[in-house]
1. Could we say that L101 is surrounded by 12 or more Cβ atoms within 10 Å (Cβ to Cβ) and modelled with pLDDT of 90 or more here?
2. Please find, within region 53-75, the residue that is surrounded by the most Cβ atoms within 10 Å (Cβ to Cβ) out of those that are over 18 Å from A11 (Cβ atoms) and among the small types (G, A, S).
3. Test V78 against the criterion of being surrounded by 12 or more Cβ atoms within 10 Å (Cβ to Cβ), closer than 13 Å to I9 by Cβ and among the β-branched types (V, I, T), and give yes or no.
4. Do we find a residue being surrounded by fewer than 12 Cβ atoms within 10 Å (Cβ to Cβ), over 18 Å from A8 (Cβ atoms) and free of Cβ contacts under 8 Å to residues at least 12 places away in the same chain anywhere in region 84-95?
5. Is there a residue in region 1-10 that is part of a loop (DSSP other than H, G, I, E, B), at pLDDT 95 or above and of a type in the set (S, T, Y)?
6. Cβ contacts < 8 Å: first residue surrounded by fewer than 19 Cβ atoms within 10 Å (Cβ to Cβ), restricted to region 1-18; second residue of a type in the set (F, W, Y) and part of a helix (DSSP H, G or I), any location; separation 6+ or different chain. Result?
7. Among the residues of region 36-56, how many are over 17 Å from L101 (Cβ atoms) and touching a helix residue (DSSP H, G or I) at 6+ places or on another chain (Cβ under 7 Å)?
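The values are calculated or read from the model by the stated rules, or taken from the named source; none is laboratory data. Here the structure is a predicted model, which means the values were calculated and not measured. Positions of Cβ are backbone-derived with ideal geometry, glycine not excepted, and every protein chain shown enters the neighbour counts.
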Amino acid sequence: MALTFTDAIAAWSRAIDKTSSTDFELMLDESFEWHSTNSGRATSRADTLRWVRETELRIGNFTTLHNSSTVICGTHEVYEPGKDDTIVMCVAQLSEDGSRLMNWTITRANYYTNQDSPTAHMGLGFFL
C-alpha cells in the first residue's frame with residue numbers, strides 16, 4: 001500500500017517533535033532529496049535528517065490535497081519561535097512501489113488578511 005500524505009507528514013512531525021524519528025527515516029529512500037522552490041535549494045537525505053533533529057520549528061494543521069501510488073500532495077502550517085505562522089504546500093514523489101519518499105518539494109508562504117473580505121479571513125497569498 002502506498003504512503004499517504006497524512007502518513008508521511010505525521011511521521012515528519014513526530015521526528016521534528018523528537019518523539020520518533022525511526023518511522024520517518026525508514027520512509028526516506030537512500031537517494032531522497034528535499035527541495036525548496038523558495039530558495040531553489042536541494043538537501044540530501046542526511047542533511048534533511050540532521051535538520052529535522054536540530055530544528056526548533058513545529059508543523060501542524062495537515063491537509064491532504066492528493067494521494068496516488070506515485071505522488072502525494074498537501075499543506076501544513078509552520079510554527080517557528082519569534083516568527084509569524086506560515087503555510088507550506090508539499091508535493092512528494094514516491095518510489096515505484098509507493099512505500100518510500102524519493103523527493104519532497106515545498107513552497108512556503110505567509111498568510112495574509114484579505115482586506116476586501118467582509119470577514120477579513122486568512123488566505124494564501126503566495127499560492128493564488
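1. Considered against the rule, which asks whether it is surrounded by 12 or more Cβ atoms within 10 Å (Cβ to Cβ) and modelled with pLDDT of 90 or more, L101 comes out as yes.
2. Filtering first and then ranking leaves S69.
3. Answer is yes for this residue.
4. no
5. Checking region 1-10: at least one residue is part of a loop (DSSP other than H, G, I, E, B), at pLDDT 95 or above and of a type in the set (S, T, Y).
6. R14/F24
7. 1
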